1. Do we have any residue at all in the stretch 22-42 that's surrounded by 15 or more Cβ atoms within 10 Å (Cβ to Cβ), at pLDDT 95 or above, under 23 Å from residue 264 (Cβ atoms) and outside the structural domain of residue 277 (by TED's automatic domain parsing)?
2. Would you mind telling me which numbered condition in (1) buried (at least 24 other Cβ atoms within 10 Å of the Cβ); (2) in contact with a strand residue (DSSP E or B) (Cβ under 6 Å, 6 or more places away or on another chain); (3) assigned by TED's automatic domain parsing to the domain that holds residue 186 residue 65 fails?
3. May I ask you to list pairs of residues, at least six apart or on different chains, whose Cβ atoms are under 6 Å apart, with the first in the stretch 43-68 being free of Cβ contacts under 8 Å to residues at least 12 places away in the same chain and the second being of a type outside the set (A, V, I, L, M, F, W, C)?
4. Hey, among 309, 297, 292, which residue is farther than 22 Å from residue 161 by Cβ, free of Cβ contacts under 8 Å to residues at least 60 places away in the same chain and touching a Leu at 6+ places or on another chain (Cβ under 8 Å)?
5. For the stretch 2-39, name all the residues that are in a loop (DSSP other than H, G, I, E, B) and under 17 Å from residue 224 (Cβ atoms).
6. Here are 365, 355: which of them is in contact with a strand residue (DSSP E or B) (Cβ under 9 Å, 6 or more places away or on another chain), in contact (Cβ under 8 Å) with a residue 60 or more places away in the chain and closer than 27 Å to residue 99 by Cβ?
7. Restricting attention to the stretch 337-376, which residues are hydroxyl-bearing (Ser, Thr, Tyr), more than 20 Å from residue 300 (Cα to Cα) and not in a helix (DSSP H, G or I)?
8. Please work out if residue 339 is among the charged types (D, E, K, R) and closer than 20 Å to residue 251 by Cα.
Amino acid sequence: MENPTFSIWEQESYLAPRDIIIVGGGLVGLWSAFFLKKAQPGLRIALLERGALPSGASTRNAGFACFGSPSEIVRDIAGMGLKAALELVEMRVRGLEITRRTFAGSRIQFEACGGYECFRDGLEYHEVMASLDHLNRDLKNITGHAPVFTHADAMASGLGLRGFDHLLYNPLEGALHSGALVQALTEELAGVTFFTGVEVVGYEESGPEVRVLTTEFSLRCKQLLICTNGFARQLLGDAADVVPARGQVLLTAPIPDLSLKGTFHYDQGYYYFRNLGNRVLLGGARNQAIEEETTTERVPTPLIQSALEHFLATHIPQASGVPITHRWAGIMGMGGEKRPLIQRLGEHITCAVRLSGVGVAISPLVGRQAAALVLG
């Protein structure tokens, strides 16, 4: 007998067969459930999450509502080609539009604060400047705004920045509260059964259904959707071109009269910082130890945290010596391509993973595409 230690009431309610089971309770899993329910409200859906809270990066990121710094886009064009790079930017732009159409700004604490990229005078800056006119022209077709990136060198001192030679400003970017976004999505999913603290350890296809095996029980469904991003290989093995990447963050104590306002990127996006009220939130430095940060351990490390603290002291003098009140880490999913991996793995199994560190922006589109594929 399946699940023999559970009561008949539990077996016929919580453990009853589902139309769809979603593995992964982060942004992609939640958006997928949102669009599945929107398409077919009567679907019986269960969502399983290994942690008490989302285990990846959905509530452990820096809360950036951004679609890409100019150096990152220029680098992507060089590596992916113009068409693919612009398609990726458009995914981010459209995804953020879906979020803002779906939820009032006050509900997810969205701030249209604008974004900056910081540069030292050197090869990277000059490569971006050589491409800036073409980049702005191409981005106008996506955003409807011209120009997207403008010079803002004179603003550096007023923002409390030091040690940068140049700034480029983007008025279209912003910030939000990642936890509030996840809570808002969860509140929209009436009728979806949530299991938290339950890890999926495998699955078996059997005729017209899939048996999903967890640490606590098994469940059966007609369709299985795997949305575990940085943890994808644990279930999918070599079928998923995904490797985990730890992103570390710190947050300072309040700073009186903090000058920093907005979202900021540096070093092709490997450093990112913003104000959170009158505190400084800073993340990144993963490029200081790429191999060590290719892990699913959600523990901040002295090496990366020291690099972040050094960055604070060097570039944001108001934050120098201010106590750090919070340190955390989230697990992203990277791969050989920066495009998300959304595909059928069989007649009854689909995956939507490899968010490449921009899940806040693209997860609505990824979830919508995954839902369409599952229902297709």
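The values are calculated or read from the model by the stated rules, or taken from the named source; none is laboratory data. Values in this document were obtained by computation on a predicted structure and should not be read as measured data. Ideal geometry is used to build each Cβ from the backbone, glycine not excepted, and the neighbour counts take in all protein chains shown.
1. yes
2. (3)
3. That search, which allows pairs on different chains as well, returns nothing.
4. One residue alone meets the criteria, 292.
5. Once the filter is applied, which keeps residues that are in a loop (DSSP other than H, G, I, E, B) and under 17 Å from residue 224 (Cβ atoms), the stretch 2-39 yields 2, 15, 16, 17, 24, 25, 26.
6. Step by step, each of 365, 355 is checked, and only 355 is in contact with a strand residue (DSSP E or B) (Cβ under 9 Å, 6 or more places away or on another chain), in contact (Cβ under 8 Å) with a residue 60 or more places away in the chain and closer than 27 Å to residue 99 by Cβ.
7. Correct list: 350 only.
8. So residue 339 fails the test.
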